[in-house]
Ligand code: HEM
Ligand SMILES: [Cu+2]
């Protein structure tokens, strides 16, 4: 990063990656690293509140009282869900766009300016939330009008969003230049998926500017009466839209890492690309599922948006849920790493934390986050989930054991390839994804159980001991809360282990030996899941990589095994994947039915 971590670029600013063989330009690498490291800083800071928040909800400890709790909860949400994720996503756009395409980063000044604005916005949000006074209250993630909060908070959000837009521009320009230079060639799938992520991000940001602009106008009294219903509709275009960015970015990472680390291949590009396009059209309408219990929007509007339109996106997710394991199975079997029903899976590189983080992310996201999202996004069932801790359980199933875990895997990968370092504390690194994913998986389940079985609400400090002012008691939920609390502590240690490995790796500065690394990091031999990087091209602007031959100090990648061709790929049978998908389907159906059963039990009230 700006000469800090490596300086092996040739006169044109390119280097040949000793692991992937990709031609990488200094500008892309510098900025991707800058955004990635900033993301990790946000993870560390937000992680502090991942300790204080659950230790308050576990009322046996009861760490904070209600005056501080909402500040901590707000900072937990913004630093983790927004700053950790969005900084990572800009890095992913740079990796998925210009880096994969072998181009330099266009408009590097925009990248820096965008970063500066994003940091300024993030600091403003942290500062204003930390120093609230007067009528202002902690806005939580949603900052619902008419809850008053500091004006500087809304301004900070707007600055952050503008910064993210500016930071994304170089990515779009790189795609535009690529298409202009090679009009007839389709983008590699990773770049295509990154492009879809980018478009969804633009939609979300426009909604965000509208929502927070509206809130600021109301708070500064330009508009006399803020309309809560209007704000909620505007807010959820970004509130949910940003989760779609997380989702699509994560799936892009899944395709990429299962391929580079496990030798997966995309079995049908048409099918996988179509699934990304379905997201583009349908995913944002799913945002209406946050308004399922709102009286202000019509039933017809809710039903349309959360069923017909939304299931277009659900279908896309199910396609990826099949395509990714199928690609892993076919790719590994084609290279003779299969055997039996699940041999392709058991023989995978489970000790490599970048790989295990990816697979755990796929499994935990699917079983915990995905199924429950579809269930609670269903109009009737939503009533039993709405505003309970079960909702929080659902989205920790998506953004924590799903996205955060996948992004941790990507960081492990980039620390080795881009930063060129050997991972520090290799045993801790190998164990970390299991430790973090496993404990957090149980935390997620406990949050769902206390929410669904006892109706424990979200965003409250005290409910189990007593609900102040009532005789109502939720003390029956105490045992589950004990499991929740202990496992949350373990999950925090798991998160800390990630930080220790990442920082240790950067500080230790032990270079990775290219040849050995190529064998473990790129068993498939080619860096792109759809078969090889695009060949270098004649580019009118001259900012694409030339031939990797001369001038590169770095020896070219050790030739891995030759990429497998489509014919041998399609000859593989995928019964392991089919078995896994059927098991998934069974769990899905059972959970769905169980949720209807729980709902039907409520019906007896008054009967
Ligand atoms: C060790 C890891 C973590 C633990 C134990 C944890 C625990 C919790 C708990 C117990 C709550 C619910 C508080 C309540 O409603 O009263 C919460 C809220 C939340 N968490 Fe986490 N969390 C962790 C990591 C994360 C990460 C990595 C993200 C984002 C990527 C995240 C995003 C959120 C969000 C968005 C909320 C909701 C805030 C609101 O209601 O406005 N958490 N967390
Ligand atoms: Cu949503």
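For the reader, a short list of remarks on this structure follows.
- Apart from one condition, residue 370 fits all of (1) crowded, with 22+ Cβ neighbours inside 10 Å; (2) over 30 Å from residue 425 (Cα atoms); (3) away from ligand 2 (no atom under 14 Å from the Cβ); the exception is (3).
- Within region 468-497, residues that are closer than 20 Å to residue 66 by Cβ sit with their Cβ atoms under 9 Å from residues that are assigned to a helix (DSSP H, G or I) and at pLDDT below 95, at 6+ positions apart or across chains, in these pairs: 474/454; 477/453; 477/454.
- The residues in region 192-221 that are under 30 Å from residue 266 (Cβ atoms), away from ligand 2 (no atom under 16 Å from the Cβ) and over 17 Å from the mean Cα position of the chain (by Cα) can be counted, and the count is 1.
- Where residue 74 falls short, out of the listed (1) more than 16 Å from ligand 2 (Cβ to nearest atom); (2) touching a helix residue (DSSP H, G or I) at 6+ places or on another chain (Cβ under 8 Å); (3) within 26 Å of residue 29 (Cβ to Cβ): (3)
- Number of the condition not met by residue 509 [criteria: (1) under 26 Å from the mean Cα position of the chain (by Cα); (2) under 30 Å from residue 20 (Cβ atoms)]: (1)
- For region 434-490, residues that are surrounded by fewer than 18 Cβ atoms within 10 Å (Cβ to Cβ), in a helix (DSSP H, G or I) and more than 13 Å from ligand 1 (Cβ to nearest atom) total 7.
This table checks each residue for (1) within 16 Å of ligand 1 (Cβ to nearest atom); (2) touching a helix residue (DSSP H, G or I) at 6+ places or on another chain (Cβ under 7 Å); (3) modelled with pLDDT of 95 or more; (4) within 17 Å of residue 403 (Cβ to Cβ).
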position	(1), (2), (3), (4)
237	no, yes, no, no
241	yes, yes, no, yes
255	no, yes, no, yes
265	no, yes, no, no
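- Reported count of residues in region 277-288, each being crowded, with 22+ Cβ neighbours inside 10 Å and under 19 Å from the mean Cα position of the chain (by Cα), is 5.
- Residues in region 222-236 that are within 16 Å of ligand 2 (Cβ to nearest atom) and either over 27 Å from residue 281 (Cα atoms) or surrounded by fewer than 20 Cβ atoms within 10 Å (Cβ to Cβ) (or both): 232 alone.
- Restricting region 32-47 to residues that are within 17 Å of residue 120 (Cα to Cα) and over 17 Å from the mean Cα position of the chain (by Cα) leaves a set whose member that is surrounded by the fewest Cβ atoms within 10 Å (Cβ to Cβ) is 45.
- For region 285-297, filtering for residues that are farther than 30 Å from residue 586 by Cβ and at pLDDT 90 or above leaves 1.
- Candidate set: region 371-388, residues that are in a helix (DSSP H, G or I) and within 16 Å of ligand 1 (Cβ to nearest atom); chosen: the one nearest to residue 303 (Cα to Cα): 376
- Residue within region 19-28 that is within 16 Å of ligand 1 (Cβ to nearest atom), crowded, with 23+ Cβ neighbours inside 10 Å and either under 24 Å from the mean Cα position of the chain (by Cα) or within 29 Å of residue 156 (Cβ to Cβ) (or both) present: no
- Pairs where the first residue, in region 499-524, is under 28 Å from residue 333 (Cβ atoms) and the second is assigned to a helix (DSSP H, G or I) and modelled with pLDDT of 70 or more, C-beta under 6 Å, 6+ apart: 522/260
- Members of region 123-151 that are crowded, with 22+ Cβ neighbours inside 10 Å and more than 16 Å from ligand 1 (Cβ to nearest atom): 150
- Lone qualifier among 310, 407, 367 - being more than 24 Å from residue 189 (Cβ to Cβ) and at pLDDT 95 or above: 367
- Applying the criterion of being within 11 Å of ligand 1 (Cβ to nearest atom) and closer than 12 Å to residue 465 by Cα to the residues of region 48-67, the residue that is nearest to the chain's Cα centre (by Cα) is 57.
- Any hit, region 336-348, residues being away from ligand 1 (no atom under 16 Å from the Cβ), assigned to a helix (DSSP H, G or I) and buried (at least 22 other Cβ atoms within 10 Å of the Cβ): yes
- Any hit, region 372-385, residues being modelled with pLDDT under 95, closer than 27 Å to residue 489 by Cβ and in contact with a strand residue (DSSP E or B) (Cβ under 8 Å, 6 or more places away or on another chain): no
- Qualifying residues in region 289-311 (those that are part of a loop (DSSP other than H, G, I, E, B), touching a residue at least 12 places away in the same chain (Cβ under 8 Å) and more than 14 Å from ligand 2 (Cβ to nearest atom)) - the one surrounded by the fewest Cβ atoms within 10 Å (Cβ to Cβ): 296
- Filter result for residue 190 (modelled with pLDDT under 95 and touching a helix residue (DSSP H, G or I) at 6+ places or on another chain (Cβ under 8 Å)): yes
The values are calculated or read from the model by the stated rules, or taken from the named source; none is laboratory data. Everything quoted here is computed from the prediction, not taken from an experiment. A quick note on method: Cβ atoms are made from the backbone with ideal geometry, for glycine too, and the neighbour counts reach across all protein chains shown.
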